Amino acid sequence: MGAKHDHKAEKALEERMQRLEEDNYFLARRVGELDEALTLQQRQLDEMERLLARTAKELERLKELAEEGCAPVNTPPPHYNTW
């Protein structure tokens with residue numbers, strides 16, 4: 001009965017190892033997918049920060065122009081007709 005018990009224990013251990021290896025495979029794959037998504041989001045965030053900084057600079061420039069009285073004239077576009 002000892003050999004039979006050892007065989008069952010060995011089989012159970014093999015099955016458990018197989019499940020753990022499968023879990024590890026899928027988890028590693030998922031981590032890779034999440035890493036790609038995070039990298040993309042970071043690139044997007046970096047770009048948004050650059051655009052926000054550029055917009056803030058432009059806003060500051062326009063505020064300075066307005067304070068100096070050199071603000072661009074707010075005229076209607078050429079295609080705008082007043083009847």
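Every number in this text was worked out from the coordinates using simple rules, so none of it is lab data. All of these numbers come straight from a predicted model, not from anything done at the bench. Quick reminder, even Gly has a Cβ in these numbers, built from the backbone with ideal geometry, and neighbours come from all protein chains shown.
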> Taking the Cα atoms only, what angle lies between the long axis of helix 2-68 and the longest principal axis of the chain, rounded to 10 degrees?
Replying inline: 10 degrees
> Dipole size in debye (nearest 20) for the chain around its Cα centre, Lys and Arg Cβ +1, Asp and Glu Cβ -1?
Replying inline: 220 debye
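Send over the Kirkwood Rh of the range 20-61, from the inverse of the averaged 1/r over different Cα pairs, rounded to one decimal Å. Don't jump to the answer; show the numbers that get you there.
Working: mean 1/r = 0.0794 Å⁻¹.
Evaluated on the range 20-61, it is 12.6 Å.
Which FRET efficiency value, to the nearest 0.05, is calculated for D35 and L13 with the Förster distance at 30 angstrom and r the Cβ-Cβ distance? Spell out each step's value before the answer.
Values: r = 32 Å, r/R0 = 1.07.
Efficiency, rounded to the nearest 0.05: 0.40.
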> In debye to the nearest 20, how big a dipole does the range 20-61 give about its Cα centre with +1 on each Lys and Arg Cβ and -1 on each Asp and Glu Cβ?
Replying inline: 420 debye
> So what are the three principal axis dimensions of the chain from its Cα atoms, in whole Å, longest to shortest?
Replying inline: 103, 33, 11
> Given A28, A66, Q41, which one lies farthest toward the positive end of the charge dipole of the chain, if we put +1 on the Cβ of every Lys and Arg and -1 on the Cβ of every Asp and Glu?
Replying inline: A28
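With runs of 4+ DSSP H residues as the only contributors, calculate the mean residue ellipticity of the chain at 222 nm using -39,500 (n - 2.57) per run, divided by the residue total and rounded to the nearest 500.
Details: 1 runs with 67 residues, N = 83.
Taking each H run of at least 4 residues, the total per residue is -30500 deg cm²/dmol.
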